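Visitor: Questions regarding the structure given below will be posed in turn.
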Amino acid sequence: MSKMVRLAFAFVACLGLVVAAQAQDRKIKIGVVYDLTGPFAGGGSELQYTGAKIMIDYFIKQGGVEGYQIEPIYADAQSKPDVAINEAVRLVEQEKVDMLMGFYSSAQCVPAAAKVETLKKFMWLTTCISSAVLDNRHLHYVFRPQVSGNLYGVAATDMIAEYAKSKLGKEPKDLRVAIVHEDGAYGVDVAKGDEAGSKKHGFNVVLKEGYSITAPDLSALVTKLKRARPDVIFHTGYNPDITLLLRQAREQGLKVQAIVGQGAGYSVYDKLKEGLGDDSNHLFTIDPISIWLTNPKSLDPALPPVIKMVGDAFDKAKPGASRSAHVGMSASNAYLFFTRVLPVAIKKYGGIDGEALRKAALDVDLPEGGTMLGFGVKFAAETDQLAGQNMRAFPVVTQYVDGKAVVVWPKSQQQAEPVLPLPAGTTYSNK
Amino acid sequence: MEAFLEIFDIYLLEAVINGILLGGVLALLALGLNLIFGVIDVTWICYAELIMIGMYGMYYLFSVYHMPYWVAAPLCILLVAALGALLHFLVIEPLLSAPPINQLLATGGVLFFLQSFATVVFGIDFRNVGIKLPILAVGEMHFSYARLLAFVAALIGMVAVYVFMKKTYVGTAIRAIAQDRQIMVLMGVDTKRIYLITSAIGGALAGLAACLLVLMYDVHPFIGLSIGPVTFLICVLGGLGNFVGGFVASFLFAEIISLGGLFSDLEWGYVLAFGFFILMMFIRPAGLLARRS
């Protein structure tokens, strides 16, 4: 072999090593923020973290995305908005993450989104739902595949209006409803939706009231509810305030036709059951559908095996725990990012900076059935009022019936009709 | 006039009685803290966290080890009493002669330690013993037996502490030390022993509160956030170390929360209660029942 040929081989080998080294260097650092301590942790945030982690680990095992390794850096927001903001800033400025993912509480999302926007980093909100996060803020780098909070109240009131006459025996205009909510960004936003929906259907709103989730006593609220005599209560809370309210409602003899819970603590059935026992039967919750309750035939064929993988990984991580909707929510939204946003940003827009990720997110156009949560994806453009919001996301109403979660609304997703009113003889039934 | 009379209905009476029952719960919470401050002159910022540990103790003894409630409760009281004595021995005693701010910071550190300890050891899940006590129904009014029990326990606890302090030798020594801690040493009283006993009694009262609170609330590492601040406000409102003042302040505070919440938004009940507290700090800074000097 001539000297020239040997030199050429050596050059090619060196080039190969350099390229390989570059490929290994290419990685996306993701700051993942959830509440791992404090009241929100047990109220659903830790389950959301588990779902996101399952999906991140899955893509790490796959070797990354489009030649980029994935390096997550997890942070605990401690159920405090100030800590969430500080952690977001720390992750961006000190850990030099390329983007942020997660965020459970709307009270954290509202200020954190504004802060991250000023840092020009891409932010992928898997969970928090308050409209206030995006409404009229025209944020550039903040995207939320999750359902917007105002739709929760729409779903709750639409369902009650549909069955008012046939099951509750009253015309919607004669129906007395109470709207009770925790007084953070999440509860206030959902309550606004309840109020707007009640107005639309002509319900008689007999009480609308907020409370602090750390209030040690809610007996005055229960007394007011008794005095107002609502047929239906729309309640938005975390936990343990939900168990405190419902326990005091039982002790004070509150009787109604239905209690419609709306996400957060109501979607953690294990805890509801532990705190309330049989009284948790026939309660409702509203959230994106649990990925394990979607009709596999209505989904993109690539998704059912992923749903199975998430379920298996969750069972392994938390043996004996029931598969909460919270887990699937963050897993689905993380999967959406790794399969539909990140690859496009890398291939089409040449990288993983905020601008590339933003453009890739705006390109996503999935029809209904395109995500594990059943809905499609199309983000509102920057000029829209809800810029960054997935306009194709919708929630479903689920009812706990004899230990099983059953989707009861909307009719397109319905597995069974809702049990309305509360069966006679049950704790909260006025029959 | 008719509208004015409309508010005097059965629900108003229910709110008044529920306020009294809530007052019982708050009085129970304040009892031990007042005892500690009155004698040792140290504020246990971590008092609510001792109650939290006691609630976990009840949960494990009752729900995991399946002990009957009436067996688990005394064990839990003893556990928290021991914890109170340990807290004094390890943290307070070395700081007895330190400035008050150092003592506050030290017990504040114990607060975070206990919260983190509970998070690591017990996890972040909410725990519930699942005991449903019957409900007392009087006409359209319904009351919680758990709160009635707390109310009765607060009354008994108050009387028991009073009798102990007045009628026993140790109680007399405790009162004497509370009046002048320097002179009692010269008279041969073992102040270390008295402090340790007082801390154990304070811990036991926290344990008693834990046994009853576990019937009303879920247990989680951060339950102190709900009950801690209110407990301190009541103790300060009644005059730190003043049992009767704390007792009266508990019921006043609870009634303002209950009736304020009934006539306005629930949150206004708390705003009014805290507003009342601030006002009283101007009018009677040493507490509601403090003697004018």
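The values are calculated or read from the model by the stated rules, or taken from the named source; none is laboratory data. Here the structure is a predicted model, which is why all the values come from computation and not from measurement. Quick reminder, even Gly has a Cβ in these numbers, built from the backbone with ideal geometry, and neighbours come from all protein chains shown.
Visitor: If A:Y152 meets every condition in (1) assigned to a helix (DSSP H, G or I); (2) over 25 Å from A:R229 (Cβ atoms) apart from one, which number is that one?
Guide: In the conditions (1) assigned to a helix (DSSP H, G or I); (2) over 25 Å from A:R229 (Cβ atoms), A:Y152 misses (2) alone.
Visitor: Would you mention how many residues in the stretch A:225-241 are facing another protein chain (nearest Cβ under 7 Å), touching a helix residue (DSSP H, G or I) at 6+ places or on another chain (Cβ under 6 Å) and within 19 Å of A:E182 (Cβ to Cβ)?
Guide: Residues that pass the stated criteria total 1.
Visitor: Moving on. Here's a check for you: in the stretch A:204-224, which residue that is facing chain B (nearest Cβ under 7 Å) and in contact (Cβ under 8 Å) with a residue 40 or more places away in the chain is nearest to B:H220 (Cα to Cα)?
Guide: Top of the filtered list is A:T214.
Visitor: Confirm whether B:T119 is polar (S, T, N, Q) and over 23 Å from B:F232 (Cα atoms).
Guide: In short, yes.
Visitor: Then there's this: Which is buried (at least 18 other Cβ atoms within 10 Å of the Cβ), part of a loop (DSSP other than H, G, I, E, B) and charged (D, E, K, R), of A:D189, A:D194, A:D217?
Guide: Unique residue meeting the criteria: A:D217.
Visitor: Counting just the residues of the stretch A:227-251 that are of a type in the set (D, E, K, R) and in a loop (DSSP other than H, G, I, E, B), which one comes out surrounded by the fewest Cβ atoms within 10 Å (Cβ to Cβ)?
Guide: Of everything passing the filter in the stretch A:227-251, A:R229 is surrounded by the fewest Cβ atoms within 10 Å (Cβ to Cβ).
Visitor: Find all pairs meeting these conditions: Cβ atoms under 9 angstrom apart; at least six residues apart or on different chains; first residue within the stretch A:31-42 and facing chain B (nearest Cβ under 7 Å) and in contact (Cβ under 8 Å) with a residue 40 or more places away in the chain; second residue buried (at least 24 other Cβ atoms within 10 Å of the Cβ) and basic (K, R).
Guide: Close Cβ pairs (under 9 Å, with a partner that is buried (at least 24 other Cβ atoms within 10 Å of the Cβ) and basic (K, R)) amount to A:G42/A:K271.
Visitor: For A:F143, which of the numbered conditions (1) at pLDDT 95 or above; (2) part of a helix (DSSP H, G or I) fails to hold?
Guide: Looking at each condition in turn, A:F143 falls short on (2).
Visitor: Among the residues in the stretch B:126-137, are any more than 22 Å from B:A249 (Cβ to Cβ), in a loop (DSSP other than H, G, I, E, B) and away from chain A (no Cβ under 14 Å)?
Guide: no
Visitor: If a residue must be in a helix (DSSP H, G or I) and closer than 13 Å to B:F277 by Cβ, how many such residues does the stretch B:218-244 contain?
Guide: 10
Visitor: Filter the stretch B:274-283 for residues that are under 19 Å from B:T231 (Cα atoms) and free of Cβ contacts under 8 Å to residues at least 24 places away in the same chain; which is farthest from the chain's Cα centre (by Cα)?
Guide: This residue is B:L279.
Visitor: Continuing with this model, one more query. Return the residue satisfying two criteria in turn: it lies in the stretch A:352-390 and is aliphatic (A, V, I, L, M) and assigned to a helix (DSSP H, G or I), and of such residues it is surrounded by the fewest Cβ atoms within 10 Å (Cβ to Cβ).
Guide: For the stretch A:352-390, the residue satisfying everything is A:L362.
Visitor: Still on this structure: Which one of these is assigned by TED's automatic domain parsing to the domain that holds A:D174 and over 24 Å from B:S144 (Cβ atoms): A:A215, A:A191, A:A228, A:A220?
Guide: Within the list A:A215, A:A191, A:A228, A:A220, the selection yields A:A191.
Visitor: Right, next: Hey, any hits in the stretch B:208-225 for a residue that's more than 14 Å from chain A (Cβ to nearest Cβ), among the aliphatic types (A, V, I, L, M) and closer than 28 Å to B:A72 by Cβ?
Guide: yes
Visitor: Inside the stretch A:1-57, can you point out the residues that are hydroxyl-bearing (S, T, Y), outside any helix (DSSP H, G or I), modelled with pLDDT under 95 and surrounded by 11 or more Cβ atoms within 10 Å (Cβ to Cβ)?
Guide: The one that is hydroxyl-bearing (S, T, Y), outside any helix (DSSP H, G or I), modelled with pLDDT under 95 and surrounded by 11 or more Cβ atoms within 10 Å (Cβ to Cβ): A:T37.
Visitor: Please enumerate the residues belonging to the stretch A:404-414 that are over 12 Å from A:K167 (Cβ atoms) and surrounded by 15 or more Cβ atoms within 10 Å (Cβ to Cβ).
Guide: If the condition is that a residue be over 12 Å from A:K167 (Cβ atoms) and surrounded by 15 or more Cβ atoms within 10 Å (Cβ to Cβ), then A:A405, A:V406, A:V407, A:W409, A:P410, A:Q413, A:Q414 are the ones that fit.
Visitor: Consider A:S332 carefully, then state whether it is under 19 Å from the mean Cα position of the chain (by Cα), of a type in the set (G, A, S) and at pLDDT below 90.
Guide: Here the answer is no, as A:S332 does not meet what is asked.
Visitor: Filter the stretch B:138-160 down to the residues that are more than 8 Å from chain A (Cβ to nearest Cβ) and either more than 22 Å from B:F251 (Cα to Cα) or free of Cβ contacts under 8 Å to residues at least 12 places away in the same chain (or both) and list them by number.
Guide: Those that are more than 8 Å from chain A (Cβ to nearest Cβ) and either more than 22 Å from B:F251 (Cα to Cα) or free of Cβ contacts under 8 Å to residues at least 12 places away in the same chain (or both): B:V138, B:G139, B:I156, B:V159, B:A160.
Visitor: Can you name the number of the only condition in (1) more than 24 Å from the chain's Cα centre (by Cα); (2) in a helix (DSSP H, G or I) that B:V189 fails?
Guide: The single condition B:V189 does not satisfy is (2).
Visitor: Further, regarding this structure: Restricting the search to the stretch A:252-271, which residues are surrounded by 24 or more Cβ atoms within 10 Å (Cβ to Cβ) and assigned to a helix (DSSP H, G or I)?
Guide: Listed by number, the residues that qualify are A:A264, A:G265, A:Y266, A:S267, A:K271.
Visitor: Can you pull out every residue in the stretch A:49-76 that is in contact (Cβ under 8 Å) with a residue 60 or more places away in the chain, farther than 15 Å from A:G31 by Cα and in contact with a strand residue (DSSP E or B) (Cβ under 6 Å, 6 or more places away or on another chain)?
Guide: Correct list: A:F59, A:Y68.
Visitor: In the stretch B:172-190, which residues are surrounded by 19 or more Cβ atoms within 10 Å (Cβ to Cβ) and more than 17 Å from B:G246 (Cβ to Cβ)?
Guide: B:A173, B:I177
Visitor: For the list (1) surrounded by fewer than 19 Cβ atoms within 10 Å (Cβ to Cβ); (2) of a type in the set (A, V, I, L, M, F, W, C); (3) more than 14 Å from every other protein chain (Cβ to nearest Cβ); (4) farther than 29 Å from A:S280 by Cβ, I need the number of the one condition that B:W44 fails.
Guide: Exception for B:W44: condition (1).
Visitor: Considering every residue within the stretch B:17-32, establish whether at least one is closer than 27 Å to B:F112 by Cα and either more than 14 Å from chain A (Cβ to nearest Cβ) or outside any helix (DSSP H, G or I) (or both).
Guide: Yes, the stretch B:17-32 contains at least one residue that is closer than 27 Å to B:F112 by Cα and either more than 14 Å from chain A (Cβ to nearest Cβ) or outside any helix (DSSP H, G or I) (or both).
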